[in-house]
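A short reminder: the numbers here are calculations on the coordinates, not readings from a lab. This structure is a prediction, so every number in the text was calculated from the model and none was measured. Ideal geometry is used to build each Cβ from the backbone, glycine not excepted, and the neighbour counts take in all protein chains shown.
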Amino acid sequence: VVSNRGPLSFRRDDHGALEARRGAGGLVSSLGPLVQGTGASWIAAALSEDDRAAAGAGVVEAEGFRTRMLAIDPDDHRMAYDVISNATLWYLHHGLYDLPRRPIIDGRWYEAWDAYRRVNKAFADTVAAEAPNGAVVLVQDYHLALVGGMLAARRPDLAAVHFSHTPFCGPNSIRVLPEAVAVELLRGMTAYRACGFHTERWARAFAACCRDVLGSEPATFVSPLGPADDVREVAASSACEDGLRWVGNVAGDRKLVVRVDRIELSKNIVRGFLAFDHLLASRPEWREHVVFLALVYPSREGLADYLAYRNEVASTIERINRRWATPSWTPIVLDDSDDYPRSVAALRAYDALLVNPIKDGMNLVAKEGALVNERDGVVCLSRDAGAWDELGGAAVEVHPYDLLATADALHAALTMGPSERAQRAKSLHDTVAARTPKHWLDEQLAAAHR
Ligand code: G6P
């Protein structure tokens, strides 16, 4: 397995010795349990000084993972990660650019693209040097689009596939990149045996880009990922019971709307609050009778946009609470502690779960909610989340830009009768439970051997 963020992160203990811990992030929590204990190698970038020190030790075996950390030049990694992966490719694939202003493709951007190439080459060099003959190589996400092309020439024996956990942009958006860069990116990806996506929609968009820019048809496959079994174990833990008590104190006997997200532009967090504000304004019967619990936590703060968005999230909540709060009721409660058992407790307890991204590769929160919710809660889901393709039939549709429609969706969810709620909740649960991450892994291996 090859990814930017790995399954382990390192820290110094009190005696200055390096200590391995389970790495953060969604990718590791889904893929980690599949790889743990299998003896497969996982190659990832060193993300901190302590990771870098661990990288010097070669392969590290801990927590059931066999990990190789790459000590990439920190400036190269920062430029590749911040400027190309996060501020360019992530923005393109999620439709986040305000095109009259951004992107600005200047000299610094081209330097960052060179850094992105060097980072991809460092990964490709390591795979080429270490992968056993004929090995399957599963490369994850937009950080590593070029590795396929770099490996194809040097190690044709390897069966390398690429999987995008994001959406993929269409031909008009890919042309925001300089022509030569779009060609290099897509050639890098089409050199893999196949490129996988969570839904047919993203696979079709990628194929349309390849036809348009390269004039060729790529090999693709579709393989939706589901939540790890972990979530059910956490739901049954005593930490989660503590979380449930905390959630109970927050909501009391009021209806409960929940969202759980990284503070991320594509998640459309601010519009979710504005829609809730509209609900309270247009339907006074909800005042004092519903609480919106937002478990949202900071992410990618190396980017100014993300810092600004975090402030906007906080100030929007303050404004709405100032407008509606009473001595005994706070309409929106923010928790940014990133406490996973507490988040799972909120998922067990919601009456309505708001998942309204502008665009999302999959969105595992919608699926985790469907698995662990205990109140026949309703999922209000954006049709621009990949999860819509599997859950759309039983979720309530959210139009991510339309505040009035989003408020209507919340109202519909909160007033739905018990039998319809039960029927929809069962359908969501059964759909999600039918596919485990093991299905996803098997499909990667099948694509590699095709
Ligand atoms: C989300 C996306 C993944 C991506 C990851 C990177 O989880 O769904 O596609 O790999 O973010 O997050 P990071 O914090 O490493 O930038």
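Brief remarks follow.
- Extending 7 Å from the Cα toward the beta-carbon at both R435 and D13 defines two label points whose distance is 4.1 nm.
- FRET efficiency, L307 to A239 (Cβ-Cβ, R0 22 Å, nearest 0.05): 0.15
- Gyration tensor analysis over the Cα atoms of segment 1-144 returns equivalent ellipsoid semi-axes of 28, 17, 15 Å (largest first, whole Å).
- Whole-angstrom gap from segment 1-79 to segment 350-373, using each part's C-alpha centre: 28
- Among beta bridges from DSSP that stay inside the chain, the antiparallel ones total about 20%.
- Within the chain, the selection of entire DSSP H helices by a Cα span of 15 Å or greater along the long axis and an average Kyte-Doolittle value of at least -1.0 returns 107-130, 179-190, 238-251, 269-282, 304-324, 403-415, 437-449.
- FRET efficiency, R175 to A219 (Cβ-Cβ, R0 22 Å, nearest 0.05): 0.45
- In whole angstrom, the chain maps to an equivalent ellipsoid with semi-axes of 37, 24, 22, each derived as √(5λ) from the alpha carbon gyration tensor and ordered largest first.
- On full extension, the segment bounded by V270 and S282 gains 2.5 nm, given 0.36 nm per residue less the C-alpha separation.
- Among S427, S9, S30, the order by Cβ neighbours within 10 angstrom, fewest to most, reads S427, S30, S9.
- Linear extension gain, R22 paired with R101, 0.36 nm per residue minus alpha-carbon span: 24.5 nm
- On the basis of the beta-carbon distance and an R0 of 25 Å, D336 and D229 show a calculated FRET efficiency of 0.40.
- Residues with amide H under 5 Å from that of V136, placed H, sequence gap 5 or more: A159
- Spin-label zone in segment 1-20 - amide nitrogen under 20 Å from a point set 7 Å from the Cα of E49 along the C-beta vector: 9-20
- Relative contact order for segment 381-450: 25 percent, from Cα pairs under 8 Å spaced at least 6 residues apart, divided by residue count.
- Cross-link partners for K426 among the aspartates and glutamates, with Cα-Cα distance under 12 Å and sequence neighbours closer than 8 places in the same chain left out: E374, D376.
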